[in-house]
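Below: one structure, written as structure tokens.
The values are calculated or read from the model by the stated rules, or taken from the named source; none is laboratory data. Note that the structure is a prediction, hence the values are computed from the model and not measured. Neighbour counts are summed over all protein chains in view; Cβ atoms, including those assigned to glycine, are modelled from backbone coordinates with ideal geometry. Protein only, heavy atoms only, side chains kept; ligands, DNA and RNA dropped before computing areas. Shrake-Rupley method; radii C 1.70, N 1.55, O 1.52, S 1.80 Å.
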Amino acid sequence: MATAPGTGHQDPSAEVLTEAAAAFGLLASPARLHIVWALIQGESDVTGLAERVGGALPAVSQHLTKLKLAGLVRSRREGRRQVYFVDAAGQAAVVDVVRLLVGRLAEREVAAPAPARRLRGL
């Protein structure tokens, strides 16, 4: 780790930055972000998630597979159902970022509905 000049703060390693970028890359999909947001609110099976996020069952299942492989989502079997959840302890930082960002944007939209802002090209 390198020290940022004049700050005394340590810069994260390349490996840490790569892992963070991969997590943010997965969440760059509106569908996956919606799924994580829904799972932050409470666990669900794939059928419930598909209904909530308005996605086709196979598409939601594929998103969940990617999120699971990245360690952002976990699952457990309950009878014949697979129940998905966000491991808030293991992914506390990501959960906090999603909760904070999406929550604030939603509050802002409710307070003053405005045309969607585009953040592309920043």
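Being outside any helix (DSSP H, G or I), among the hydroxyl-bearing types (S, T, Y) and without any contact (Cβ under 8 Å) to a residue 40 or more places away in the chain is a property that holds for S75. Consider G55 against the criteria (1) surrounded by 12 or more Cβ atoms within 10 Å (Cβ to Cβ); (2) more than 13 Å from the chain's Cα centre (by Cα); (3) farther than 18 Å from H34 by Cβ: it satisfies all of them except one. Which criterion is unmet? Only one criterion is unmet by G55, namely (3). Taking residues in the range 79-103 that are open to solvent by 40 Å² or more (accessible area, probe 1.4 Å), and partners anywhere that are aromatic (F, W, Y) and in a helix (DSSP H, G or I), the pairs with Cβ atoms closer than 9 Å and at least 6 places apart or on different chains are V97/F24; R99/W37.
Would you check if G55 is in a loop (DSSP other than H, G, I, E, B) and modelled with pLDDT of 80 or more? Yes, satisfied.
Scanning the range 58-78 for residues that are open to solvent by 40 Å² or more (accessible area, probe 1.4 Å), among the aliphatic types (A, V, I, L, M) and under 12 Å from the mean Cα position of the chain (by Cα) yields one hit, A70.
Is it the case that some residue within the range 20-43 is of a type in the set (D, E), open to solvent by less than 40 Å² (accessible area, probe 1.4 Å), modelled with pLDDT of 90 or more and not in a helix (DSSP H, G or I)? The answer is no; no qualifying residue exists.
Among the residues making up the range 76-93, those that are at pLDDT 75 or above and over 14 Å from A38 (Cα atoms) are R76, R77, E78, G79, R80, R81, Q82, A89, A93.
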